[in-house]
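Okay, so here's the structure we're looking at.
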Amino acid sequence: MSATIDLPEPATRFRPTVPPPLKEPLGLFEFLRAARKNPITTWMDAHFKLPVVAAESAMGRITLVSDPALIRYLLIENADGYRKDDLQRRVLAPGLGNGLLSAEGDEWRLQRRTLAPIFNARTVQGFSDAMNAAGARLGRRLVRRDGKPVDVALEMTRVTLDVLERTIFTQGLPSDPDALGRAITRFLEAVGPIDPLDVFGVPDFVPRIGRLRARPAGRFFAEVVDALIARRKALMGQGEAPRDLLTLLLAAQDPETGNGLSDLAVKANIVTFIAAGHETTANSLTWALYCLSQDPAAQARVEAEVDAAGPGDFAVERLPFTRAVIEEAMRLFPPVPFLSRQAIRDDRLGRIKVPRGSLVMVAPWVLHRHHLLWEDPEAFVPERFLPGNRDAIPRFAYLPFGAGPRVCIGQSFSIQEAVILLAHVVRAVRFRLPEDHPPITPLHRVTLRPEHGLRMEAERRA
Ligand code: HEM
């Protein structure tokens, strides 16, 4: 085991402001209002202090698990005893179709087997040129903003879409790629808030306002993807297709049967990769830049590391502190604030009974700030994730990407992407938060983002 690295003095640490845990449970209507507006405001003090909490709620019995051994049991040892819950499927499936994120049972197994090689270490590494190219373009854009305000959240969303476009569809995008980006963002915003009709299991034929609003954006998005698939198949037929995610998806074969994915599954997975992969990574970067702007020592250290890496492309292995900043930002602001499962049969989590059909949650938002698991949980301390210190973090105490068979398939892709992009930003500019900025507080809307955005002033470094 490598040597441990001293953590910064507690007095110098930055502690971001977040909604405080509740002392008393909310009534039904207050709970529903809070769950729709910002679900992270519904967690109680006890959730951050106890290993397991089971309670009755508007959604029936919910058990929140924050004990690493029990999480391991839930997500791995007894993963077959649970499935994604109805609420999640009702929210995800209308937008994402039957892609990997929302599929279940045999369909999920088949897709996972078929898609796994596309996200293996070697293939992902092959995308680092595209990530560096998108990062360099972002760097040039930021340098031009010297002395001016930058909408950091918007820029990070733009650059992660740029990466997806460069890795999924290396050619053949519609004439206005920003239109695709805007449609995706509108679509995700409209389906974002949890609909009370879904909470109460009202049948799908009853229209949901969010879904109706999302329809035009969804339709535009689907039409573009259809056209791209058709054009790409033609190129593959001529042996002229680029080796990007779209070609890999169309060529993917189930290692057991040799069968490929249906067109519908290819389309659902493209939509899934874009939806699951762009806001999550964009928000990690946004929070990382916010935390750095408030922590001069960490900012100086990341700048020194990036500068020492020299000009040109970045390689993740040479940026351990930059990576630690991303990982710590994802601890404090996990892009997926909770995972939920539904028990297929009666079970037990330690001494707590889990009745069949009830909801069990693991909430990175709670787990990553849990008093039993972290020292000074509210503080931004990237050093926790440096090699040497990292070994002290229990495997199931830090789960930004989930765990077990349904662990994020894009995990290495997004870590590599976030580290490379952050390095390009740090090489180009230093950000300063203006004093009159509205409070920076996290809003849980599918992912976790700053409620009033993040506008900072750029100071050119490059
Ligand atoms: C910071 C970035 C990301 C975070 C924090 C994240 C987080 C997660 C989490 C927590 C899950 C598990 C959900 C559960 O168990 O209920 C998941 C699943 C998934 N993620 Fe990610 N993700 C990120 C980036 C990406 C990217 C870049 C892609 C694709 C290009 C992606 C595609 C998926 C897919 C397809 C699944 C479903 C896997 C399955 O069920 O087999 N994610 N992600």
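The values are calculated or read from the model by the stated rules, or taken from the named source; none is laboratory data. On a predicted model such as this, the values are computed, not experimentally measured, just so you know. Every residue, glycine as well, gets a Cβ built from its backbone with ideal geometry; the counts of neighbours run over all protein chains shown. When the accessible area is computed, the model is the full protein with side chains, heavy atoms only, and any ligands, DNA or RNA have been set aside. Shrake-Rupley method; radii C 1.70, N 1.55, O 1.52, S 1.80 Å.
Annotations for the structure displayed:
- Residues that are under 17 Å from ASN259 (Cβ atoms) and open to solvent by less than 30 Å² (accessible area, probe 1.4 Å), drawn from the stretch 109-128: GLN111, THR114, LEU115, ILE118
- Checked across the stretch 375-388, the condition of being over 25 Å from LEU292 (Cβ atoms) and open to solvent by less than 20 Å² (accessible area, probe 1.4 Å) holds for no residue.
- Residue in the stretch 440-450 that is in contact with a Ser or Thr (Cβ under 6 Å, 6 or more places away or on another chain) and not in a helix (DSSP H, G or I) present: yes
- Filter pass, PHE431 being surrounded by 16 or more Cβ atoms within 10 Å (Cβ to Cβ), within 16 Å of the ligand (Cβ to nearest atom) and at pLDDT 95 or above: no
- A count restricted to the stretch 383-422 and to residues that are part of a helix (DSSP H, G or I) and within 16 Å of the ligand (Cβ to nearest atom) stands at 19.
- Criterion (open to solvent by less than 60 Å² (accessible area, probe 1.4 Å), under 26 Å from LEU110 (Cβ atoms) and away from the ligand (no atom under 16 Å from the Cβ)) met by exactly one of GLY258, GLY237: GLY258
- Residues of the stretch 149-165 satisfying the condition of being at pLDDT below 95 and open to solvent by 50 Å² or more (accessible area, probe 1.4 Å): LEU154, ARG158
- Pair list, Cβ under 8 Å, 6 or more apart: the stretch 406-426 residue among the basic types (Lys, Arg), other residue buried (at least 21 other Cβ atoms within 10 Å of the Cβ): ARG406/LEU75
- Of all residues in the stretch 10-25, those that are of a type outside the set (Phe, Trp, Tyr) have Cβ atoms under 9 Å from Cβ atoms of residues that are exposed (fewer than 10 other Cβ atoms within 10 Å of the Cβ), 6 or more apart or on another chain, in THR17/PRO439.
- Selection count, the stretch 115-147, where residues are among the β-branched types (Val, Ile, Thr) and within 11 Å of the ligand (Cβ to nearest atom): 2
- First in the stretch 227-250 and within 18 Å of LEU161 (Cα to Cα), second anywhere and open to solvent by 50 Å² or more (accessible area, probe 1.4 Å) and modelled with pLDDT under 85, Cβ under 6 Å, 6 or more apart: ASP244/THR170
- Only one entry of PRO8, PRO20, PRO16 meets the criterion of being touching a strand residue (DSSP E or B) at 6+ places or on another chain (Cβ under 9 Å), assigned to a loop (DSSP other than H, G, I, E, B), at pLDDT 85 or above and not polar (S, T, N, Q), and that entry is PRO16.
- Residues satisfying the stated conditions in the stretch 311-338, i.e. more than 10 Å from the ligand (Cβ to nearest atom) and open to solvent by 20 Å² or more (accessible area, probe 1.4 Å): PRO311, GLY312, ASP313, ALA315, VAL316, GLU317, ARG318, PRO320, ARG323
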